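J.: Submitted below is the structure of interest, expressed as structure tokens.
The values are calculated or read from the model by the stated rules, or taken from the named source; none is laboratory data. Everything numeric in this text was worked out from a predicted model, so none of it was measured. Reconstructed Cβ throughout: ideal geometry from the backbone, glycine too, with neighbour counts over all protein chains shown.
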Amino acid sequence: MQLNLTKPLAFFDLETTGINVGSDRIVEISIVRVNLDNSTDILTKRVNPTIPIPEFSSKIHGIYDKDITDAPTFKQLAPQLAQFLANCDLAGFNSNKFDVPVLVEEFLRAEIDFDLKNRRLIDVQNIFHLMEPRNLSAAYRFYCDKTLENAHSAEADTIATYEIFKAQLARYEGQEQVDDKGNKSIPVKNDMTVLSELTARNKNADLAGRIVFNDKGQEVFNFGKHKDKPVREIFEKEPSYYSWMMQGDFPLYTKKIITQIRLSMK
């Protein structure tokens, strides 16, 4: 199938030293750039992360310290990568939550402002989740093997949701899950605090979720003593908090966002 493109679309994937957006590093990057005529160019590079690769990460992607000793650093590769990605929209699997934030951090660390404003971000995982049935009726069929009668009746929907919840606990409690980075966990437990944290969702203002939008569309802090408080309000009342964040161990993109907010206040 030919893609209907108005600009090149770059699919990419990263292997990294870990899953911390702010502190982990890329050890391999592969990009498939789909050009306007649907021809493709592929660029794959091993990267010296300049920090040790933890053994648990190496066991996942098979890249060990000895394999990247002579590889260029990201800063050395950055100009070539930026050129290869010039004028491209970006795509990947779970890329909006992980790969894009990590890539932007690496570019900023290399002193290249890799601007996302004019780039469309396409997350293939989100399309998958959107198109596979995720509504209440589909969940009721899947988990309870029943047809939901009187759908959109508040009582019927509520009872169905309760039955689905119990069926989910029965199906998944104690079941180990391995994510695409090889990390193992047992995410579903019959514990309401655990389940609340598991199912929490926020609309991020930055890529790491330190700053989120509230119901009014305001940027608010999503951590620390000022959690849920508007960023502008805190910066006005406590200017030192901005300085503390800029000097702290926050992702560079988070610092970029709070700087934009700060500058907009002048």
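J.: Of the residues in segment 203-223, how many are without any contact (Cβ under 8 Å) to a residue 24 or more places away in the chain and closer than 13 Å to residue 255 by Cα?
T.: From segment 203-223, those without any contact (Cβ under 8 Å) to a residue 24 or more places away in the chain are 203-204, 209, 212-218, 220-223; that's our starting set.
Among the residues that remain, those that are also closer than 13 Å to residue 255 by Cα are: 209, 221.
Total meeting the criteria: 2.
J.: Of all residues in segment 1-11, count the ones that are in contact with a Lys or Arg (Cβ under 9 Å, 6 or more places away or on another chain) and either hydroxyl-bearing (Ser, Thr, Tyr) or not in a loop (DSSP other than H, G, I, E, B) (or both). Give the derivation first.
T.: First pass over segment 1-11, keeping only residues in contact with a Lys or Arg (Cβ under 9 Å, 6 or more places away or on another chain): 7-11.
The next check asks that each one be either hydroxyl-bearing (Ser, Thr, Tyr) or not in a loop (DSSP other than H, G, I, E, B) (or both); those that pass are 9-11.
The number of residues fulfilling the criteria is 3.
J.: When you look at residue 57, is it over 30 Å from residue 34 (Cα atoms), surrounded by 12 or more Cβ atoms within 10 Å (Cβ to Cβ) and not assigned by TED's automatic domain parsing to the domain that holds residue 257, yes or no?
T.: Values: over 30 Å from residue 34 (Cα atoms): no; surrounded by 12 or more Cβ atoms within 10 Å (Cβ to Cβ): yes; not assigned by TED's automatic domain parsing to the domain that holds residue 257: yes.
No; evaluated as a whole, the condition is false for this residue.
J.: Out of (1) at pLDDT below 95; (2) part of a loop (DSSP other than H, G, I, E, B); (3) of a type outside the set (Val, Ile, Thr), the odd one out for residue 70 is which?
T.: Unmet for residue 70, out of (1) at pLDDT below 95; (2) part of a loop (DSSP other than H, G, I, E, B); (3) of a type outside the set (Val, Ile, Thr): (1).
J.: Next up: Among the helices (runs of 4 or more DSSP H) contained in segment 141-259, which hold 3 or more residues that are surrounded by 16 or more Cβ atoms within 10 Å (Cβ to Cβ)?
T.: Here the list reads 154-172, 231-237, 239-247.
J.: Which residues, counting only those in segment 29-39, are without any contact (Cβ under 8 Å) to a residue 40 or more places away in the chain and surrounded by 13 or more Cβ atoms within 10 Å (Cβ to Cβ)?
T.: Kept after step one, since they are without any contact (Cβ under 8 Å) to a residue 40 or more places away in the chain, are these residues of segment 29-39: 30, 32, 34-39.
The answer is 30, 32, 34, 35.
J.: Out of (1) part of a loop (DSSP other than H, G, I, E, B); (2) touching a strand residue (DSSP E or B) at 6+ places or on another chain (Cβ under 8 Å), what's the single condition that is false for residue 118?
T.: So the condition that residue 118 fails would be (2).
J.: Does residue 93 qualify as being farther than 24 Å from residue 207 by Cα, in contact (Cβ under 8 Å) with a residue 60 or more places away in the chain and either surrounded by 12 or more Cβ atoms within 10 Å (Cβ to Cβ) or in the same structural domain as residue 32 (by TED's automatic domain parsing) (or both)? Explain how you work it out, then say what you get.
T.: Numbers: farther than 24 Å from residue 207 by Cα: no; in contact (Cβ under 8 Å) with a residue 60 or more places away in the chain: yes; either surrounded by 12 or more Cβ atoms within 10 Å (Cβ to Cβ) or in the same structural domain as residue 32 (by TED's automatic domain parsing) (or both): yes.
Taking the combined requirement at face value, the residue does not satisfy it.
J.: Every residue in segment 1-20 that is crowded, with 18+ Cβ neighbours inside 10 Å and of a type in the set (S, T, N, Q), please.
T.: Of everything in segment 1-20, those that are crowded, with 18+ Cβ neighbours inside 10 Å and of a type in the set (S, T, N, Q) turn out to be 16, 17.
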